[in-house]
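S.K.: Dumping the structure here so I can ask a few things about it.
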Amino acid sequence: MKRLISLIAPMLLAAAIGCGGGAPPAQSPQGSDQTAQAQPAADNVAAVGENEDDSTADLADHHRHHHHGGFAMFIAMSLDAIGESPDQHDAIVKIQHDMHAKMQPAKDAEKAVLLALADGVAAGQVDQAKIDAAVAQLATASAGVHDAVADSINALHKTLTPPQRQALVDKLESHLTVWNHANAPDEPTAKDAHHGHIAQLAHELQLSPDQVDKIRESFASSMTQAPKYDRAEAEAHFQAFASAFTSENFDAHALTTGSAVNSHMATWGVNRMVRLYEAAAPVLTPDQRAKAADALRHHANYKRSDSET
Amino acid sequence: MRTALLLAIPFALALGTAHEARAQAIEVVVEPPAAFIATAAPEYYEGRPVYWYNNYWYYRDHGRWGYYRSEPVWLRDRRAHWVDRRGEYVRHGYVRPAYRGEWHPAPARYRYRR
């Protein structure tokens with residue numbers, strides 16, 4: 001017996017070395033598949049990827065020009081791709097419609113800013129008092145969004161399954177990442193940024209390299225005077241929302257930071273946009289100013305679909 | 001002798017696994033960008049949303065992105081039923097690709113109007 005073991009044991013040892021790599025994969029919860037952790041993307045590609053495709057470009061463009069609902073807008077947008085079942089469809093469409101309706105006052109206030117900015121760009125001189133008054137209206141309106149949509153978000157929590165709630169949280173975080181990227185305070189210093197707002201303006205208005213440099217310099221100078229945006233505030237609100245929304249007991253009314261965060265996001269985003277166009281206006285030719293003003297009016301009259309009134 | 005060999009077998013198994021881990025580390029799988037997650041419709045598998053991106057299925061796990069190194073059969077079957085109607089995808093708004101058979105969530109990405 002001892003001899004038999006002595007013969008078999010080395011064979012088992014050799015087999016073990018050879019077969020170690022073929023050990024069963026890490027089991028998923030239902031026990032069938034290998035899983036692993038993905039590598040985090042570098043900061044500059046985490047938001048939009050290495051190669052910006054059409055869907056990504058459209059999303060970034062949306063987040064550069066529309067800030068009025070803050071987090072509430074991200075929630076409504078996340079429902080566009082939540083992957084609902086047929087029996088959930090009508091309820092989710094209604095919730096999304098209700099949320100947009102309740103964000104309408106903030107959207108109208110943002111529209112007033114965009115139209116005032118368009119007039120200023122077309123004239124080559126932005127009326128700062130008019131812009132400031134419109135931005136103040138936006139700050140007030142967007143501060144009211146969280147309370148206005150709280151019942152809709154509660155209804156959404158009841159409608160979604162736990163995995164769908166997690167998907168919504170994932171999408172919300174992703175929208176925040178893209179929005180932060182699209183509205184970064186330090187874009188003016190990122191001269192090699194190919195996908196930023198300045199690069200987009202350069203493309204749309206056929207700016208010369210000299211014009212781009214002048215706009216970038218003026219914008220950078222202007223941004224040093226801008227009130228600071230506190231990303232940590234938005235991140236803390238997101239974490240509070242995520243923790244509450246993925247639990248069984250959720251009440252949007254209990255989230256106390258929504259109003260301030262929505263207002264701060266809306267005013268930061270729109271002020272940043274205003275400062276960019278203010279920097280660009282004196283540098284543009286009359287034709288370029290007219291084109292930029294038309295683009296701003298187009299964004300002011302933005303509709304999510306042909307059926308939207 | 002027998003005791004030494006029996007102790008050596010688990011060690012050898014671990015050694016073999018480590019060799020494989022080093023070999024597999026050559027492939028770097030990077031998490032999907034945020035813009036993709038924001039606009040792509042997930043499938044739901046094993047009680048969580050999963051996203052098909054760059055030939056892998058990704059899922060969120062404690063704040064990080066994980067992926068299935070081999071495609072689960074159920075998800076492979078789902079993907080086999082996707083019909084990507086590129087011709088219809090150009091219109092703005094969310095277009096769910098048509099499916100053969102019964103309805104189920106699509107991998108389409110939402111496109112926002114400009």
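The values are calculated or read from the model by the stated rules, or taken from the named source; none is laboratory data. This structure is a prediction, so every number in the text was calculated from the model and none was measured. Positions of Cβ are backbone-derived with ideal geometry, glycine not excepted, and every protein chain shown enters the neighbour counts.
S.K.: Out of the residues in segment B:49-62 that are more than 14 Å from residue B:37 (Cα to Cα) and more than 8 Å from the chain's Cα centre (by Cα), which is surrounded by the most Cβ atoms within 10 Å (Cβ to Cβ)?
M.R.: Once the filter is applied, the top-ranked residue is B:61.
S.K.: Among the numbered conditions (1) within 20 Å of residue A:110 (Cα to Cα); (2) touching a residue at least 60 places away in the same chain (Cβ under 8 Å), tell me where residue A:275 comes up short.
M.R.: Condition (2) is where residue A:275 drops out.
S.K.: What are the residues in segment A:80-103 that are facing chain B (nearest Cβ under 10 Å) and part of a helix (DSSP H, G or I), if any?
M.R.: A:80, A:81, A:86, A:89 - these are the residues of segment A:80-103 that are facing chain B (nearest Cβ under 10 Å) and part of a helix (DSSP H, G or I).
S.K.: What number of residues within segment A:221-247 satisfy the criterion of being surrounded by 15 or more Cβ atoms within 10 Å (Cβ to Cβ) and part of a helix (DSSP H, G or I)?
M.R.: We begin by selecting, within segment A:221-247, every residue surrounded by 15 or more Cβ atoms within 10 Å (Cβ to Cβ); these are A:222-223, A:229, A:234, A:237-238, A:240-242, A:244-246.
Checking the rest, the ones that are also part of a helix (DSSP H, G or I) come to A:222-223, A:234, A:237-238, A:240-242, A:244-245.
Count: 10.
S.K.: May I pose another question? Considering every residue within segment A:162-179, establish whether at least one is within 26 Å of residue A:128 (Cα to Cα) and either in a helix (DSSP H, G or I) or within 14 Å of chain B (Cβ to nearest Cβ) (or both).
M.R.: At the first step, the residues of segment A:162-179 found to be within 26 Å of residue A:128 (Cα to Cα) are A:179.
After this cut, where a residue has to be either in a helix (DSSP H, G or I) or within 14 Å of chain B (Cβ to nearest Cβ) (or both) as well, the list is A:179.
Yes: one or more hits.
S.K.: Return a yes/no flag: does segment B:49-62 have any residue that is at pLDDT 50 or above, β-branched (Val, Ile, Thr) and either more than 27 Å from residue A:178 (Cα to Cα) or assigned to a loop (DSSP other than H, G, I, E, B) (or both). Can you show your working first?
M.R.: Our first condition is that a residue be at pLDDT 50 or above; within segment B:49-62, this holds for B:49-62.
Subsequent filtering for residues that are β-branched (Val, Ile, Thr) retains B:50.
Now restrict to residues that are either more than 27 Å from residue A:178 (Cα to Cα) or assigned to a loop (DSSP other than H, G, I, E, B) (or both): none.
Checking segment B:49-62: not a single residue is at pLDDT 50 or above, β-branched (Val, Ile, Thr) and either more than 27 Å from residue A:178 (Cα to Cα) or assigned to a loop (DSSP other than H, G, I, E, B) (or both).
S.K.: Here is a check on your reading of the model: is residue A:171 farther than 30 Å from residue A:279 by Cβ, out of contact with any Lys or Arg (no Cβ under 9 Å at 6 or more places or on another chain), buried (at least 22 other Cβ atoms within 10 Å of the Cβ) and of a type outside the set (Asp, Glu)?
M.R.: Here the answer is yes, as residue A:171 does meet what is asked.
S.K.: A follow-up question, please. Can you name the residue in segment A:252-297 that is among the polar types (S, T, N, Q) and not in a helix (DSSP H, G or I) and, of all such residues, is surrounded by the fewest Cβ atoms within 10 Å (Cβ to Cβ)?
M.R.: A:256
Yes or no, residue by residue, for (1) more than 14 Å from chain B (Cβ to nearest Cβ); (2) in contact with a helix residue (DSSP H, G or I) (Cβ under 6 Å, 6 or more places away or on another chain); (3) not basic (Lys, Arg):
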position: A:258; (1), (2), (3): yes, yes, yes
position: A:269; (1), (2), (3): yes, no, yes
position: A:275; (1), (2), (3): yes, yes, no
position: A:295; (1), (2), (3): no, no, yes
position: A:299; (1), (2), (3): no, yes, yes
position: A:305; (1), (2), (3): no, no, yes
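S.K.: A further question follows. Only residues that are within 24 Å of residue A:80 (Cβ to Cβ) and not in a loop (DSSP other than H, G, I, E, B): list them for segment B:26-48, please.
M.R.: B:34, B:35, B:36, B:37, B:38, B:39, B:40, B:43, B:44, B:45, B:48
S.K.: Just to be sure before I move on: is residue A:91 under 29 Å from residue A:252 (Cβ atoms), surrounded by fewer than 18 Cβ atoms within 10 Å (Cβ to Cβ) and not polar (S, T, N, Q) in the structure I sent?
M.R.: The answer is yes for residue A:91.
Per-residue answers, yes or no, for (1) touching a Ser or Thr at 6+ places or on another chain (Cβ under 8 Å); (2) within 21 Å of residue A:259 (Cα to Cα):
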{"residue": "A:75", "(1), (2)": "no, yes"}
{"residue": "A:85", "(1), (2)": "no, no"}
{"residue": "A:91", "(1), (2)": "yes, no"}
{"residue": "A:107", "(1), (2)": "no, yes"}
{"residue": "A:124", "(1), (2)": "no, no"}
{"residue": "A:132", "(1), (2)": "no, yes"}
{"residue": "A:138", "(1), (2)": "yes, yes"}
{"residue": "A:154", "(1), (2)": "no, yes"}
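S.K.: Could I ask something else about it? Give just the number: which of (1) modelled with pLDDT under 95; (2) within 24 Å of residue A:157 (Cα to Cα); (3) acidic (Asp, Glu) does residue A:98 not satisfy?
M.R.: Condition (1) is where residue A:98 drops out.
S.K.: So, one more: Only residues that are farther than 27 Å from residue A:143 by Cβ, more than 7 Å from chain B (Cβ to nearest Cβ) and among the small types (Gly, Ala, Ser): list them for segment A:46-70, please. Before the answer, list the steps.
M.R.: So the first thing to find is which residues in segment A:46-70 are farther than 27 Å from residue A:143 by Cβ, and the list is A:46, A:48-58.
Still in the list and also more than 7 Å from chain B (Cβ to nearest Cβ): A:50-53, A:57.
Selection gives A:57 alone.
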